[in-house]
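We did not get these values from a lab; they are worked out from the coordinates using the rules stated. No experiment lies behind these values; they were computed from the predicted model shown. Every residue, glycine as well, gets a Cβ built from its backbone with ideal geometry; the counts of neighbours run over all protein chains shown.
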Amino acid sequence: MAAVFDDDMDEEAFLAAWAQADEDALEVLLEALPRIADTRVPLPELQAAVARIRAGVADGEWPYDYFRPAANWAKAPLPHDDFECFMDALISTMLPAGDVEDWEPEELAAVASLEHADWVGSVVGVVRAGPGASMDPEAMLDYIDHCPELEGDRDPDDDIVIEHAFEVLLPLWQAIGIVDGERRVTRLGIWALPMLLVTAWSVETTDGSG
């Protein structure tokens, strides 16, 4: 699943290599979690989360101030459809659609630095652990390190960057209801996290981002 990128690649070659990395990562994810497509959306939880998203974005409070630019809602009202609204917010935590000027560049860079294996290992691990499992950065790192589908050794020097990335993501994920106040994954999160990766790595939505 490791992507191979060369500093001498032109843009077309780089995008092709990244698209292949997305495809490879998606294949590993679907093999690890073959019943993703059969998982039902927990509608009451999704609707409650969307109500909080709408109220938070309207008030412009932290961390909801992230979503208006990141989910491409800066020049348009939030989607009327709850599912579309939730998915916009969810995907924006991994692939922001616009410039999030009020957030520190190093925070966004930390999230962008997460590799395909980091996403696969952490999501597969937390889904297998089930609702209520810890999503502390240290736990997410442990899920990555103990994911049997991942091959090769990870550089321990990356630990601090990976943990920082998940520390940045946690308040966003709490805001949209996939992580609770105790940093544990919710029923909504068990459904949403794999959907995040499936959507981000699908051919139709891949844009060369992480």
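Could you compute the net charge surrounding P148? Neighbours are other residues with a C-beta less than 15 Å from the C-beta of P148; K and R count +1, D and E count -1. With Lys, Arg at +1 and Asp, Glu at -1, the neighbours total -4.
In vacuo Debye scattering of the stretch 96-210, one point per C-alpha: log10 I(q)/I(0) at q = 0.24 Å⁻¹? For the stretch 96-210 at q = 0.24 Å⁻¹, log10 I(q)/I(0) is -1.61. Normalised by the number of residues in the stretch 17-210, the mean separation of alpha-carbon contacts (under 8 Å, six or more apart) gives a relative contact order of 31 percent.
Can you sort C147, C85 by how many other beta carbons sit within 10 Å, fewest first?
Listing C147, C85 from fewest to most nearby Cβ atoms yields C147, C85.
If you take the alpha carbon atoms of the stretch 17-210 and fit the smallest convex hull around them, that volume is 117 Å³ per residue. Computed from phi, the 3J(HN,Hα) profile of the stretch 65-80 under the Karplus parametrisation 6.51, -1.76, 1.60 (θ = phi - 60°) reads 4, 5, 6, 4, x, 5, 8, 6, 9, 5, 10, 8, x, 4, x, 5 Hz, with x in place of Gly and Pro. All alpha carbon pair distances within the stretch 4-86 were sorted into 5 Å bins beginning at 0; the resulting P(r) in whole percents reads 3, 12, 14, 12, 10, 14, 18, 11, 5, 1.
Sites listed here are GluC sites (Glu not before Pro) in the stretch 33-90 whose DSSP assignment is loop and whose Cβ has at most 15 other Cβ atoms within 10 Å: E61. Among W201, W191, the order by Cβ neighbours within 10 angstrom, fewest to most, reads W191, W201.
What ranking, highest mean first, results for peptides 34-40, 72-78, 163-169 when packing means the other Cβ atoms within 10 Å averaged over each residue?
Those peptides, ordered most packed to least, come out 163-169, 72-78, 34-40.
Amide H contacts of R184 (H built 1.01 Å from N, in plane; Pro and chain starts excluded): M135 sit under 5 Å, all sequence-distant by 5 or more or on other chains. For the stretch 97-158, applying the loop criterion from DSSP together with a ceiling of 11 other beta carbons within 10 Å to the GluC sites (Glu not before Pro) yields E101, E151.
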